[in-house]
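I am attaching a structure below and will ask some questions about it afterwards.
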Amino acid sequence: MGLIARSAALTERARRVLPGGVNSPARSFRAVGGTPRYIARASGAHVVDEDGVEFIDYVMGWGALLLGHAPAVVREALERALIDGVGCGVPHRAEVEFAERVLGRLPWAEQVRLTNSGTEAVMTAVRLARGATGRAGLLKFSGGYHGHSDAVLVSGHGDGQGAPSPAAGLPAGIARDVWLAEFNDLEAVELRFATHGPGIAAVIVEPVSANMGVVAPAPGFLAGLRSLCTRHGALLVFDEVVTGFRIAPGGAAERFGVTPDLAVYGKVLGGGMPVGAIAGAADLLQRLAPAGPIAHAGTFAGHPATMAAGLAILTAIGADPDLFTRLEAAGASLEAGLVADIARNGHPCQLARVGSMWTLFFAPATVVNWRSADAASCERYGLFFHAMLERGVHLAPSALEANFISAAHTAADIDRTVSAAAGALAEVHAYHR
Ligand SMILES: *Cc1c(COP(=O)(O)O)cnc(C)c1O
């Protein structure tokens with residue numbers, strides 16, 4: 001208890017003044033139980049909590065921190081931005097340079113509009129798709145997460161049995177325009193188009209799912225979505241808030257060779273500062289105000305500090321052609337170690353990984369969609385999570401989330417993680433024997 005006294009005291013204070021004790025639910029440890037660790041300092045791949053305990057961090061800003069915590073290039077860029085005076089709400093040079101640099105990574109896109117979060121970028125992309133097609137329908141996938149704007153919060157199972165249900169606080173009518181399918185199920189998408197095709201404005205998808213744990217697209221799935229959208233006059237929207245600038249310099253569109261009509265970005269792109277972006281062809285983007293009639297605005301959009309940090313990240317990515325090869329190698333090494341741990345342990349676990357994103361599912365079979373992700377044991381993950389925490393490794397505090405390797409994770413960090421997992425898995429196994 002001594003080692004969490006300060007985090008526990010802060011949790012108690014937080015619960016009095018913040019709903020659920022947090023500003024975003026994923027931080028609350030509700031899914032794993034116990035006391036969230038309040039992080040006092042962070043550097044590279046490591047964080048130190050208020051009680052002075054150090055962890056190897058795999059939360060990594062929920063994927064935002066590609067180069068690890070507080071990389072020098074970002075710190076220096078932010079210091080320079082502060083010296084120049086951090087204003088906002090007026091045009092400035094860095095917005096232009098940032099947009100040019102982003103589009104340099106996205107050869108399929110011609111323009112980009114910046115927002116303050118992934119949520120806002122998705123909200124605006126959905127509005128843009130609806131405005132451009134004159135249709136209201138939205139097709140999304142069970143287990144996908146696209147931020148917390150109304151339309152994309154409609155959820156449920158995409159098997160045609162459970163009707164989509166609006167979340168609390170949404171008007172009931174909102175579910176009328178949202179269709180669901182299971183991830184990786186092209187036939188279900190085809191069926192939705194067959195029935196509702198003329199009303200579907202857009203298909204929105206995380207090209208690699210990160211928010212039901214890491215689930216890779218089956219071969220041909222993204223290309224299949226592309227051709228169905230083209231055939232039915234719907235827009236294909238890639239939610240690349242996690243995958244953008246992480247699984248390849250040009251994100252999933254580059255890695256899988258499938259071109260969306262619109263893509264939204266966030267997380268990595270801000271270099272740790274709040275950001276979102278919508279990219280696409282000029283004839284689509286020009287429909288946004290003031291060039292066109294579709295509303296989007298933001299006092300802080302294109303904020304100088306965000307532009308400085310984002311430019312620093314994009315410069316670092318551009319200057320380091322081996323960066324993504326090293327991230328892949330670190331991911332492969334962690335995967336090999338964890339798979340060996342699992343084999344030795346005999347526990348039914350599935351290690352899923354795409355590049356530097358990974359999830360250990362306590363599930364009986366390979367996870368391909370929400371249905372199979374939902375079969376994973378949250379209770380076992382909770383035991384594993386806390387056993388890892390005790391061994392100095394801070395994983396994502398939920399069974400169905402992605403963990404992230406950064407460029408700052410060293411071979412020694414990976415080795416320590418693999419040996420911690422060997423002990424943690426044995427502990428979970430012993431508990432369930
Ligand atoms: C995090 C996330 C969002 C929302 O981004 P915020 O910046 O948290 O609003 C949207 N889509 C995906 C895939 C995400 O992981």
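The values are calculated or read from the model by the stated rules, or taken from the named source; none is laboratory data. All figures in this text were calculated on a predicted structure; none of them were measured in a lab. Please note: Cβ atoms are built from the backbone with ideal geometry, for glycine as well, and neighbour counts cover all protein chains shown. Note: accessible area is taken over every heavy atom of the protein model, side chains too, but ligands, DNA and RNA are not part of it. Shrake-Rupley method; radii C 1.70, N 1.55, O 1.52, S 1.80 Å.
Search segment 126-158 for residues being among the β-branched types (V, I, T) and closer than 26 Å to A281 by Cβ, and hand back the single one that is farthest from the ligand (Cβ to nearest atom).
Taking segment 126-158 first, the residues among the β-branched types (V, I, T) are 126, 133, 152, 154.
Then drop every residue that is not closer than 26 Å to A281 by Cβ, which leaves 126, 133, 152.
Numbers: V126: 12, T133: 21, V152: 8 Å.
Restricting to residues being among the β-branched types (V, I, T) and closer than 26 Å to A281 by Cβ, the top hit is T133.
Can you pull out every residue in segment 1-24 that is open to solvent by less than 100 Å² (accessible area, probe 1.4 Å) and away from the ligand (no atom under 16 Å from the Cβ)?
Looking only at segment 1-24, we keep the residues that are open to solvent by less than 100 Å² (accessible area, probe 1.4 Å), and these are 2, 4-5, 7-11, 14, 18, 20-22, 24.
Scanning segment 1-24 gives G2, I4, A5, S7, A8, A9, L10, T11, A14, L18, G20, G21.
Quick check: anything in segment 342-356 among the polar types (S, T, N, Q) and buried (at least 19 other Cβ atoms within 10 Å of the Cβ)? Explain how you work it out, then say what you get.
The initial filter retains those residues of segment 342-356 that are among the polar types (S, T, N, Q), namely 345, 350, 356.
Next, from what is left, pick out any that are buried (at least 19 other Cβ atoms within 10 Å of the Cβ): 350, 356.
Yes, segment 342-356 contains at least one residue that is among the polar types (S, T, N, Q) and buried (at least 19 other Cβ atoms within 10 Å of the Cβ).
The conditions are (1) within 16 Å of the ligand (Cβ to nearest atom); (2) closer than 18 Å to R101 by Cα, and E254 fails exactly one of them. Which is it?
Failing condition for E254: (1).
State all residues of segment 54-103 that are in contact (Cβ under 8 Å) with a residue 60 or more places away in the chain, open to solvent by 30 Å² or more (accessible area, probe 1.4 Å) and in a helix (DSSP H, G or I); if no residue qualifies, say none.
Once the filter is applied, which keeps residues that are in contact (Cβ under 8 Å) with a residue 60 or more places away in the chain, open to solvent by 30 Å² or more (accessible area, probe 1.4 Å) and in a helix (DSSP H, G or I), segment 54-103 yields G61, W62, V73, E76, L78, R80, L82, D84, E95, E97, R101, L103.
Limited to segment 217-246, what total is found for residues that are open to solvent by 10 Å² or more (accessible area, probe 1.4 Å) and assigned to a loop (DSSP other than H, G, I, E, B)?
7
Quick check on G280: is it out of contact with any Gly (no Cβ under 9 Å at 6 or more places or on another chain) and more than 30 Å from D84 (Cα to Cα)? Talk me through it step by step, then tell me what you get.
Values: out of contact with any Gly (no Cβ under 9 Å at 6 or more places or on another chain): yes; more than 30 Å from D84 (Cα to Cα): yes.
Yes; evaluated as a whole, the condition is true for this residue.
Only one residue in V208, V203 is out of contact with any Leu (no Cβ under 7 Å at 6 or more places or on another chain) and either within 16 Å of the ligand (Cβ to nearest atom) or of a type in the set (S, T, N, Q) (or both). Which one? Spell out how you get there, then give the answer.
Details: V203 fails: out of contact with any Leu (no Cβ under 7 Å at 6 or more places or on another chain).
That would be V208, the only listed residue that is out of contact with any Leu (no Cβ under 7 Å at 6 or more places or on another chain) and either within 16 Å of the ligand (Cβ to nearest atom) or of a type in the set (S, T, N, Q) (or both).
Further, regarding this structure: Any chance segment 213-230 includes a residue that's among the hydrophobic types (A, V, I, L, M, F, W, C), within 12 Å of the ligand (Cβ to nearest atom) and under 20 Å from S117 (Cα atoms)?
no
Sort out which residues of segment 188-216 are part of a helix (DSSP H, G or I) and either at pLDDT 95 or above or open to solvent by 10 Å² or more (accessible area, probe 1.4 Å) (or both), and write them in order of number.
Restricting attention to segment 188-216, the residues satisfying the condition of being part of a helix (DSSP H, G or I) are 188-199.
If the condition is that a residue be part of a helix (DSSP H, G or I) and either at pLDDT 95 or above or open to solvent by 10 Å² or more (accessible area, probe 1.4 Å) (or both), then A188, V189, E190, L191, R192, F193, A194, T195, H196, P198, G199 are the ones that fit.
Among the residues of segment 257-276, which ones are in a loop (DSSP other than H, G, I, E, B), within 13 Å of the ligand (Cβ to nearest atom) and crowded, with 24+ Cβ neighbours inside 10 Å?
G266, G272, V275
Could you list, in sequence order, the residues of segment 277-301 that are out of contact with any Ser or Thr (no Cβ under 9 Å at 6 or more places or on another chain) and within 16 Å of the ligand (Cβ to nearest atom)? Before you say what the answer is, go through the steps one by one.
Keep residues of segment 277-301 that are out of contact with any Ser or Thr (no Cβ under 9 Å at 6 or more places or on another chain), which gives 279-287, 289-293, 297, 299.
Selection gives A279 alone.
Please verify whether R113 is within 16 Å of the ligand (Cβ to nearest atom) and basic (K, R), treating the condition exactly as stated. Before you say what the answer is, go through the steps one by one.
Values: within 16 Å of the ligand (Cβ to nearest atom): yes; basic (K, R): yes.
When the stated conditions are applied, R113 passes them.
Okay, next question. Give me the pairs, please: first residue somewhere in segment 115-129 and more than 18 Å from L269 (Cα to Cα) and open to solvent by 40 Å² or more (accessible area, probe 1.4 Å), second residue anywhere and at pLDDT 95 or above and more than 10 Å from the ligand (Cβ to nearest atom), beta-carbon distance under 8 Å, and either six or more positions apart or on two chains.
If the second residue must be at pLDDT 95 or above and more than 10 Å from the ligand (Cβ to nearest atom), the pairs left are R127/I294; R127/A295; R127/H296.
List, please: which pairs have Cβ atoms under 6 Å, are six or more places apart or on different chains, and start with a residue in segment 291-303 that is touching a residue at least 24 places away in the same chain (Cβ under 8 Å) and end with one that is hydrophobic (A, V, I, L, M, F, W, C)?
Listed by first residue and then by second, the contacts come to I294/L128; I294/L288; A295/A289; H296/L288; F300/C88; A301/L114; G302/L114; H303/C88.
Among residues belonging to segment 25-47 that are of a type in the set (S, T, Y) and at pLDDT 95 or above, point out the one that is least open to solvent (accessible area, probe 1.4 Å). Quick ask: steps written out before the conclusion?
Taking segment 25-47 as the starting set, the residues that turn out to be of a type in the set (S, T, Y) are 28, 35, 38, 43.
Imposing the further condition that a residue be at pLDDT 95 or above reduces the set to 35, 38, 43.
Numbers: T35: 29, Y38: 59, S43: 81 Å².
Residue satisfying both the conditions and the ranking: T35.
Examine segment 380-393 for a residue that is surrounded by fewer than 22 Cβ atoms within 10 Å (Cβ to Cβ), hydrophobic (A, V, I, L, M, F, W, C) and under 26 Å from P207 (Cα atoms), and state whether such a residue exists.
For segment 380-393, residues surrounded by fewer than 22 Cβ atoms within 10 Å (Cβ to Cβ), hydrophobic (A, V, I, L, M, F, W, C) and under 26 Å from P207 (Cα atoms): absent.
Residue-wise test of (1) under 26 Å from Y265 (Cα atoms); (2) touching a helix residue (DSSP H, G or I) at 6+ places or on another chain (Cβ under 9 Å); (3) of a type in the set (D, E, K, R).
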residue	(1), (2), (3)
S7	no, no, no
E12	no, yes, yes
L18	no, no, no
R27	yes, yes, yes
A31	no, yes, no
G34	no, yes, no
A42	yes, no, no
D49	no, yes, yes
G61	yes, yes, no
